[in-house]
Amino acid sequence: MLCAGVAAAAGEVLVDDFEGPNRLLAEAPPGPWANLDPYSNVTLTRSASAANRGNAGLRVDDQSSLMGAGDMTALYSPALPLPQTASLRFWVRVSSSNGLGSATLGQLLSNLPDGRTLCDVGIDFGTRQLLLDGADSQGVFQTVPATAFLDAGTMALLECTVRGMGTQFGERLLHANGALVAQQTGLDLRDAGVLNAAVGQPYSGDRLFMGVLDFDDVRVADRLQASRLWVDAGVTEFIRGQCTAVDVGFVDSEGRPQSLPYDVTLSSSILQAQPFADPACTAAFSSPSLLSGQTQVRFYVRPAVNSPVSIEVSHRDLIAGSLVRPLVSPSPDAGSPDAGPGDAGAPDAGEMDAGETDAGETDAGEMDAGERDAGSTDAGLGAPATPLTLAVGCGCASVSPWWALGALSLFVRLRRSRST
């Protein structure tokens, strides 16, 4: 059920990037689809002009002038028994339009006897608004307009997902470009499961549309699939000159890690920093690459200028991811002058320890290592100065210990003579 050269990731039951020459299983080499349901004056071809990435995509050219509700032209998958969760994702572009009518672009069909649809993604060509609809186990059909619109001539990634099949608490979701744009909850999906998928123009309620639709990278899986790129450095700011790890990976539209069914080299734009392949920031690095089945990869950057660091990664099959962080200078070295607490590089308000000799004592024979903390290189730790130097009184010069004892004796005698 897979195109030649494309390997499915775990849980993927259909993959078509339209690079192979054939669409149908009956062809040689076989394509992934069971059958093509044609309609008059609506053609379905492999075209280079329809590609979102690679060399080709699927082009649906509707030039039919018939009107009325009914099936149109689409590719239908073989049996894909998905009993609990099913998700159809594809890229689509309205390349030209007469601006009339509406149509289904992709759908997941049930295993119920009437083959009713469980998840449809459609479009109103007049407004270009997307639509989500489908039936439940009781045959109740609901349509919800999405909060997203398709821009003319621009590829968009759409995902139609149904969950909770086999229960009374099912839900239907539509994601566009990695964001939830429509949802239906509380669906009775007892006895329901997805059996087939279709893309192209499976159904139209009025057949008024005339124009060209392009599709690429169609996949069906038992879960949401990779839709977005993410970038994370694990920091709120980069430090100039410091080598920092940056992780890049794939996530689905709800943020869970996922992989792609082929090898990928991402396009990257890294501003105000140089990328490297190793944690020492010595080995050259070009762009992040991931093998089929991988969910993330790591590289390293070293900023060197005074600007915010900007990192963006992109790929044609995913919504781009980006990261912007401010750049700061490294903190002063803890061993540098006046780097310790208390000093802050200032001379202690121009006084020697609040104008006292350490509460009348001299720090066990020393007075802050014999210095006045007047901008000295204490580094907050009291670095040693000249041994056995004693400062006597506020503002006095440093003297040797013997002269200091004599001066102290004279000072005591003078005090006694004044008091008598």
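The values are calculated or read from the model by the stated rules, or taken from the named source; none is laboratory data. Given the structure is predicted, the values throughout are model-derived calculations rather than measurements. When we count neighbours, we look across all protein chains shown, and the Cβ atoms used for this are built from the backbone with ideal geometry, even at glycine.
Would a scan of the range 198-207 turn up a residue that is touching a strand residue (DSSP E or B) at 6+ places or on another chain (Cβ under 8 Å), modelled with pLDDT of 95 or more, more than 30 Å from residue 38 (Cβ to Cβ) and not assigned by TED's automatic domain parsing to the domain that holds residue 317?
No, the conditions are met nowhere in the range 198-207.
Filter the range 241-264 down to the residues that are surrounded by fewer than 19 Cβ atoms within 10 Å (Cβ to Cβ), of a type in the set (Gly, Ala, Ser) and in contact with a Phe, Trp or Tyr (Cβ under 9 Å, 6 or more places away or on another chain) and list them by number.
Of all residues in the range 241-264, those surrounded by fewer than 19 Cβ atoms within 10 Å (Cβ to Cβ) come to 241-243, 245, 247, 254-257, 263.
Then drop every residue that is not of a type in the set (Gly, Ala, Ser), which leaves 241, 245, 255.
Those that are surrounded by fewer than 19 Cβ atoms within 10 Å (Cβ to Cβ), of a type in the set (Gly, Ala, Ser) and in contact with a Phe, Trp or Tyr (Cβ under 9 Å, 6 or more places away or on another chain): 245, 255.
Which members of the range 265-287 meet the condition of being exposed (fewer than 15 other Cβ atoms within 10 Å of the Cβ) and among the aliphatic types (A, V, I, L, M)?
Of everything in the range 265-287, those that are exposed (fewer than 15 other Cβ atoms within 10 Å of the Cβ) and among the aliphatic types (A, V, I, L, M) turn out to be 271, 277, 280, 283, 284.
Can residue 35 be described as under 18 Å from residue 215 (Cβ atoms), without any contact (Cβ under 8 Å) to a residue 12 or more places away in the chain and not hydrophobic (A, V, I, L, M, F, W, C)?
No.
Does residue 121 fit the bill of being of a type in the set (A, V, I, L, M), touching a Cys at 6+ places or on another chain (Cβ under 8 Å), under 15 Å from residue 205 (Cβ atoms) and surrounded by 22 or more Cβ atoms within 10 Å (Cβ to Cβ)?
Here the answer is yes, as residue 121 does meet what is asked.
Looking only at the range 276-305, how many residues end up being hydroxyl-bearing (Ser, Thr, Tyr) and touching an Asp or Glu at 6+ places or on another chain (Cβ under 8 Å)?
3
Let me spell it out: the conditions are (1) in contact with a Leu (Cβ under 6 Å, 6 or more places away or on another chain); (2) modelled with pLDDT of 95 or more, and residue 85 meets all of them except one. Which number is the exception?
(1)
Among (1) modelled with pLDDT under 95; (2) under 23 Å from residue 116 (Cα atoms), there is one condition residue 34 misses while meeting the rest; what is its number?
(1) is the only condition that residue 34 fails.
Take the residues in the range 177-191 that are surrounded by fewer than 24 Cβ atoms within 10 Å (Cβ to Cβ) and not in a strand (DSSP E or B), then tell me which one is nearest to the chain's Cα centre (by Cα).
178
Mind checking which residues of the range 44-79 are in a loop (DSSP other than H, G, I, E, B), over 21 Å from residue 317 (Cβ atoms) and among the hydrophobic types (A, V, I, L, M, F, W, C)?
First, pick out the residues of the range 44-79 that are in a loop (DSSP other than H, G, I, E, B): 51-56, 63-69, 72-73, 77-79.
Restricting the remaining residues to those that are over 21 Å from residue 317 (Cβ atoms) gives 63-69, 72-73, 78-79.
Of everything in the range 44-79, those that are in a loop (DSSP other than H, G, I, E, B), over 21 Å from residue 317 (Cβ atoms) and among the hydrophobic types (A, V, I, L, M, F, W, C) turn out to be 66, 67, 69, 72, 79.
Would you confirm whether any residue within the range 54-66 is closer than 20 Å to residue 211 by Cβ and among the basic types (Lys, Arg)?
Within the range 54-66 (the criterion being closer than 20 Å to residue 211 by Cβ and among the basic types (Lys, Arg)), the answer is yes, since at least one residue qualifies.
One line per residue, one yes/no per condition, for (1) outside any strand (DSSP E or B); (2) touching a residue at least 24 places away in the same chain (Cβ under 8 Å):
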| position | (1), (2) |
| --- | --- |
| 91 | no, yes |
| 99 | yes, yes |
| 109 | no, yes |
| 119 | no, yes |
| 131 | no, yes |
| 146 | no, yes |
| 152 | yes, yes |
| 161 | no, yes |
| 167 | yes, no |
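Does residue 291 count as over 22 Å from residue 239 (Cα atoms), touching a residue at least 40 places away in the same chain (Cβ under 8 Å) and of a type in the set (A, V, I, L, M, F, W, C)? Spell out how you get there, then give the answer.
Working: over 22 Å from residue 239 (Cα atoms): yes; touching a residue at least 40 places away in the same chain (Cβ under 8 Å): no; of a type in the set (A, V, I, L, M, F, W, C): yes.
No, not satisfied.
State yes or no: is residue 148 under 26 Å from the mean Cα position of the chain (by Cα), surrounded by fewer than 21 Cβ atoms within 10 Å (Cβ to Cβ) and within 21 Å of residue 252 (Cβ to Cβ)? Break it down stepwise before answering.
On the way: under 26 Å from the mean Cα position of the chain (by Cα): yes; surrounded by fewer than 21 Cβ atoms within 10 Å (Cβ to Cβ): yes; within 21 Å of residue 252 (Cβ to Cβ): yes.
When the stated conditions are applied, residue 148 passes them.
Here is a list of conditions, (1) modelled with pLDDT under 95; (2) of a type in the set (D, E, K, R); (3) farther than 27 Å from residue 111 by Cβ, and residue 214 meets all of them except one; can you say which number that is?
(1)
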